[in-house]
Amino acid sequence: MTAAATLEPTGAKDDIDVDSLPLPQLRQDLRLIEGGADGQEAGEAPAHWRIHDPAAQRFFAIDRAAVDLLALWRVGTVGRLRAAVRARDGRELDLDNVQRLIEFLQVNELVHPVPEQTFARVMRQRQAMKRSPGEWLLHNYLFFKVPLARPDAFLRRTLPYVGGLFHPAFWAGALVLGLLGLYLVSRQWEAFLATFADMFSVSGIVSFGLSLALVKTLHELGHGYTAVRMGSRVTTMGVAFVVMTPILYTDTTDAWRLPRRRQRVMIDAAGMVVELLVAVLATLAWVFLPDGGVRHAAFALATTGWVLSLAVNLNPLMRFDGYYLFSDLLGIPNLQERSFAMGRWWLRELLFGYGDPQPEPAHGRRKALLVGFAYATWIYRFFLFLGIALLVYHYFFKLLGIFLFAVEVGWFIAMPVWREMKVWFGRRQESGSRAVVTALVILGLAGALLVPFPYVVRIPAVLTATQQAPAFAPRPARIESVHVRQGQAVRAGQVLIELSAPEIEQQLQSAHERHQLIQDRLGRRSADGRDLSESLVLARELHLEADRIHGLERERSRLAVRAPIDGVVAELTSELSPGRWIDEKTRLALVAKPGALEARGYVDAEDLRRIEAGDKGRFVDELRLLDSRDIDVVRVGAAAADPLDNWVLASTFGGPVPARMQGGKALAEHAAFEVAAAAIGDAHAGLPLTEIRGEMQIRGKPQSLGLRVLRRVSHVLVREAGA
Ligand SMILES: [Zn+2]
């Protein structure tokens, strides 16, 4: 019910007696305040009067004409108001002015409800009273305030003792000390950071907690003393709990009465300035104190001071000091409410073109600022609350975490969006032709989300010869000579690299010497004609020595790296220079059979369902240096490959598949399934036979973007829930 309806119930002004209409009754708890900094832009009429709504803690600037009307408001009806204005000012009452004023009072709920509104309001109140204990708990879990002190008299009495803090010379000195402290800490930056590591202990956490409490108390006193010094009153100080986190507050609402905007800005900034002062002094103390508990306390004070004042308090997008500072600097009181109203209006007009009047007159940069501030705040808070929800989920135990997650996301993100959507639905009849455009755009987006689209599945892979085999040394040995080059054709068993092992040579030589010795003794024996039995022993030893020589010679002859299959030397390890020692585990060469090429790679579980044997695609090398090759999928692994045989694809070797090393093998971090695809066409065409890293691009089964995103999200959630 608006004031327009109150004055013109049937749309025909002449039909009813306007004079008999009652004026809505003003709420008793409102205060009319004279003075106060002007919240208007240059060029607008300055407002010297404000209405303070203590229930909502809001201020409304009003002009002289409105104050004059409100002064006569008690007369009760439009007719009597008309008579009173005529008697006082000697002029006719402007009905439009009255109508605008009533609208303003009703929109901002500054009047007692008129009868038509009462029913709806009572129903709403009854519903509010029926709130279940759960809802009450939920609401109080999110926000409640505990006033602790009425500090006004105390602040006034003790103000003289802190008077020196308001002297410009003090702040000049503090600035010099601050710069000095920062300079000195920068000289000992490593030690400063090292202290940080020391603080992760029970005593460290306790000193962070205590310094946080101290810094925050001083911060509030900063607001309080500055407010009192500027001549305003400080009604309460206390603790507010936001999502169970205690936050000290100082009620400086009275500062709205102050004549100059600069004074309010100073009160807003005082808390932060005190924190910075504490940080400066603590930083200096850290520099000069000897190592120990006191120095750790100074470190805690310094870091909490710097971080809180710079990172938390300066942020205008949360309702901390930075917000009030920003609002007062701009001279826009109730910035958040006004900008949210503007942001909502802007969105509704953009989407549906309702043709609603703008919530307040603002143009150009001011309008852009109000709308921009609303969206900046919403986007920031969306990510902040999502972040808090994730933190809660990770650090509380899981069940409570999921509950708190739901509360955070539901209360701070889903509910406001839902409320706005309800408004859109309720006003669906009103929307103009713009709604058609919006609907088409939304339909288009939904279509793009739902229509299956043949995405290309990208699979990290290597392209190699279908048949290939590695060559190793049979035992640790020294390289004598290398007989082949890369690209050379070889036959199975052909020697690629000749090796030598000095210990075999040595053993061989001593075996030969022993053999000769035994032979000599045996020759002398038969000449002497001594005991036959001893000759038999010597003959057996001679035989053994001959066996040993034979074995060593065979081992020496095997001392070579040979081609395992017929083919072409695809790879030859670099630095195979003669004289170098090698072990039996290093792959020295790769011999590949030219003719057929195959791409082998790993697909994740998500894309696995979208490809199958027979699918077509192409292979593209990593550096895009070669022509792409058409491929046909020939095999899709049924079980996850673990470890990864194609280790060049593992992230531990610079490849794209996430992996970790364990026992000398690359293990996939997430399930990876092997896929092999045969290259079609002429395999020789300009391709070196080495392994080429790249990706398979397979035209997989069509899937909608929406389903794809949904699958990926559920995948992550399942993985997290299982973790
Ligand atoms: Zn503050």
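Where a number appears in this text, it was derived from the coordinates with a stated rule and is not lab data. The structure displayed is predicted, hence computed values, not measured ones. In this analysis, Cβ positions are derived from the backbone assuming ideal geometry, glycine residues included, and neighbour counts consider all displayed protein chains.
Here are a few things to note about the model shown:
- Most to least packed among 467-477, 277-287, 166-176 [average Cβ atoms within 10 Å]: 277-287, 467-477, 166-176
- Long-range amide H partners of Ala641 with built H, under 5 Å: Ala672, Phe673, Glu674
- Mean separation of Cα contacts under 8 Å, 6 or more apart, over the residue count of region 338-450: relative contact order %: 32
- Region 338-450: radius of gyration over Cα atoms, expressed as a fraction of 2.2 N^0.38 Å: 1.32
- Under 5 Å from the amide H of Ala477 lie the amide H atoms of Ile582, each residue being 5 or more positions distant or on a separate chain, with H modelled from the backbone and absent for Pro and chain starts.
- Whole-Hz Karplus values for region 669-680 come out as 6, 10, 4, 10, 10, 6, 10, 10, 9, 8, 7, 9 Hz, taken residue by residue from phi with 6.51 cos²θ - 1.76 cosθ + 1.60 and θ = phi - 60°; glycine and proline positions read x.
- Packing-based order for 312-321, 543-552, using average beta carbon neighbours within 10 Å, highest first: 312-321, 543-552
- By the count of other C-beta atoms within 10 Å, a proxy for reagent exposure, Ile442, Ile459, Ile332 are ordered fewest to most as Ile442, Ile332, Ile459.
- Simple point charges give the picture: +1 on the Cβ of Lys and Arg, -1 on the Cβ of Asp and Glu, and for the chain a dipole about the Cα centre of about 1620 debye.
- Listed residues Ala679, Ala650, Gly637: farthest to the positive end of the dipole of region 593-721 (Cβ charges): Gly637
- Top positive-direction residue, dipole computed over the chain with Cβ charges, set Tyr455, Ala469, Ser510: Tyr455
- Using θ = phi - 60° and Karplus 6.51 cos²θ - 1.76 cosθ + 1.60, couplings along region 377-391 (whole Hz; Gly, Pro as x): 4, 5, 5, 4, 5, 4, 6, 4, 5, 4, x, 4, 4, 5, 4
- Mean projected area in nm² (Cα convex hull; one quarter of hull surface) for region 469-572: 8.0
- Look at the dipole of region 469-572 built from charges on Cβ: of Ser557, Leu522, Val484, the Cα furthest out on the positive end belongs to Val484.
- Here is the list for region 347-440: trypsin sites (Lys or Arg not before Pro) lying in DSSP coil, each with at most 10 other C-beta atoms within 10 angstrom of its C-beta, are Arg428.
- Among Ser232, Ser481, the ranking by other beta carbons within 10 Å of each residue's beta carbon, starting with the fewest, stands as Ser481, Ser232.
- Working note: Karplus 6.51/-1.76/1.60 with θ = phi - 60° gives region 104-111 the couplings 4, 5, 6, 4, 8, 6, 9, 10 Hz, where Gly and Pro are set to x.
- Computed packing ranks the peptides 616-623, 248-255, 598-605, 197-204 as 598-605, 248-255, 616-623, 197-204, most packed first, by mean other Cβ atoms within 10 Å.
- Around the amide H of Thr236, modelled in the peptide plane, lie the amide H atoms of Asp251, all under 5 Å away and 5 or more residues distant in sequence or on another chain.
- When Thr464, Thr235, Thr195 are sorted by how many other C-beta atoms sit within 10 angstrom of their C-beta, beginning with the fewest, the order is Thr235, Thr195, Thr464.
- Counting charges near Gln703 (Lys, Arg +1; Asp, Glu -1) among other residues having Cβ under 15 Å from its Cβ returns a value of +3.
- Region 81-113 and region 254-325 have Cα centres spaced 47 Å apart.
- Prolate/oblate/rounded call for region 135-333, Cα gyration tensor, a/c under 1.5 rounded: oblate
- Computed helical MRE - 222 nm, the chain, DSSP H runs ≥ 4 contributing -39500 (n - 2.57), nearest 500: -16000 deg cm²/dmol
- A compact globular protein would have a Cα radius of gyration near 2.2 N^0.38 Å; the ratio found for region 593-721 is 1.13.
- When the Cα convex hull of the chain is projected onto planes of every orientation, the mean area is 56.4 nm².
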